[in-house]
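Asker: Handing you this structure, nothing more for now.
What follows is calculated from the coordinates using simple rules that are stated; it is not laboratory data. Note that the coordinates shown come from a computational prediction; the quantities given were computed from them, not determined experimentally. When we count neighbours, we look across all protein chains shown, and the Cβ atoms used for this are built from the backbone with ideal geometry, even at glycine.
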Amino acid sequence: MYTRILRFAPSPNGHLHLGHAYSALLNADMARERGGRLLLRIEDIDTQRCRPEYEAAIYQDLRWLGIAWEEPVRRQSGHFADYADAIAKLEARDLLYPSFESRGEIAALVAERDRQGRWPRDPDGVPLYPGRARKMPAAERARRRAGEPFALRLAMDAALAQAGVLTWRETGSGPQGQSGLVTATPQRWGDVVLARKELPTSYHLAVVIDDALQGVTDVVRGQDLFWATAVHRLLQTLLGLPEPAYHHHHLILDADGRKLSKATQATSLRELRAAGASAADIRRMVGLGR
Ligand code: GLU
């Protein structure tokens, strides 16, 4: 029997709320029940939005909740070289291409496509990449890449052809109750961005590399990331990385049935603590009380 390794992986771009508390406590409970280990990972690749004071607040809030994690904590911003290595591997297999359109140009292209019938959206509701950069002649590509900002995209068709049929084992449930062996459909995301000129990774790539490097066996996270798992399975397969089991949990919703946001003060753990709530109260509020 191997040791299970779980992780809680917040982004320090705001204060933790009840939804994070649920995810962190569930990870901690599952690690304890399975005699496993719990890691904490700080997902701070977005250097514009992530701040050290939010990171410090994460440690404080988690400690207050009674959660213990192993040191050292892995911070993604310290590991750009690992992500760049993976990008180089995918490029060597001709699975990436640079695109050069600005946000505005992409929006205009989508509007044009929408006029001919609704252009497809990804599971998060974002239009798939509508451009033609993949067909750009090699010389033009090389010249523009040397000077202009660019996004490195996964050539989804080629990637799928190399990876074949993809599945994952779901021990929680998807938004429509999916569980057990789930068939992954990464094509729903189109040619996803895996890196940019100034940043050698994206959320999808960093999470997959880190889960592998940290030996994570069980990914326990919110249902909002259920569909993203398809992209993660594709990248794991292309990069020869092990496949963890996935457990997507329900989201804690506000009184109006909406997903909690870091912008809403009312459910932030610090506000609740300041208002006199105890860690046991938080457990009860997220349905993990005993
Ligand atoms: N960093 C992500 C978030 O805060 C979670 C990533 C994951 O668990 O895979 O939503």
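Asker: Could you tell me whether the stretch 64-75 includes any residue that is surrounded by 15 or more Cβ atoms within 10 Å (Cβ to Cβ) and under 16 Å from the mean Cα position of the chain (by Cα)?
Answerer: yes
Asker: Still on this model: Looking at this structure, is Ala263 under 28 Å from Val192 (Cα atoms) and surrounded by 12 or more Cβ atoms within 10 Å (Cβ to Cβ)?
Answerer: no
Asker: Can you list the strands (runs of 3 or more DSSP E) lying wholly within the stretch 1-105 that have 3 or more residues being more than 16 Å from the ligand (Cβ to nearest atom), free of Cβ contacts under 8 Å to residues at least 40 places away in the same chain and over 28 Å from Ser278 (Cβ atoms)? Don't jump to the end; show me each part of the working.
Answerer: Numbers: elements: 5-8, 37-42, 96-99.
Filter on the stretch 1-105 gives an empty set.
Asker: Take Ser102 and decide whether it is farther than 30 Å from His250 by Cβ and among the hydroxyl-bearing types (Ser, Thr, Tyr).
Answerer: In short, yes.
Asker: Next question, about the same structure. Do the conditions hold for Arg233, that is, is it in contact with a His (Cβ under 9 Å, 6 or more places away or on another chain), basic (Lys, Arg) and surrounded by 19 or more Cβ atoms within 10 Å (Cβ to Cβ)?
Answerer: No; evaluated as a whole, the condition is false for this residue.
Asker: Can you tell me which of (1) in a loop (DSSP other than H, G, I, E, B); (2) under 19 Å from the mean Cα position of the chain (by Cα); (3) in contact (Cβ under 8 Å) with a residue 40 or more places away in the chain is the one Pro149 doesn't meet?
Answerer: Against the list (1) in a loop (DSSP other than H, G, I, E, B); (2) under 19 Å from the mean Cα position of the chain (by Cα); (3) in contact (Cβ under 8 Å) with a residue 40 or more places away in the chain, Pro149 comes up short only on (2).
Asker: Kindly state which helices (runs of 4 or more DSSP H) lie completely within the stretch 188-290 and contain at least 3 residues that are of a type in the set (A, V, I, L, M) and within 16 Å of the ligand (Cβ to nearest atom). Full working, then the answer.
Answerer: On the way: elements: 203-213, 228-239, 269-274, 279-285.
Once the helices (runs of 4 or more DSSP H) in the stretch 188-290 are filtered for at least 3 residues that are of a type in the set (A, V, I, L, M) and within 16 Å of the ligand (Cβ to nearest atom), what remains is 203-213, 228-239.
Asker: Out of Leu160, Leu109, I need the residue that is touching a helix residue (DSSP H, G or I) at 6+ places or on another chain (Cβ under 9 Å) and surrounded by 12 or more Cβ atoms within 10 Å (Cβ to Cβ). Which one?
Answerer: From the options Leu160, Leu109, the qualifying one is Leu160.
Asker: Return yes when Glu243 is among the acidic types (Asp, Glu), surrounded by fewer than 20 Cβ atoms within 10 Å (Cβ to Cβ) and over 24 Å from Ala158 (Cα atoms) and no when it is not.
Answerer: no
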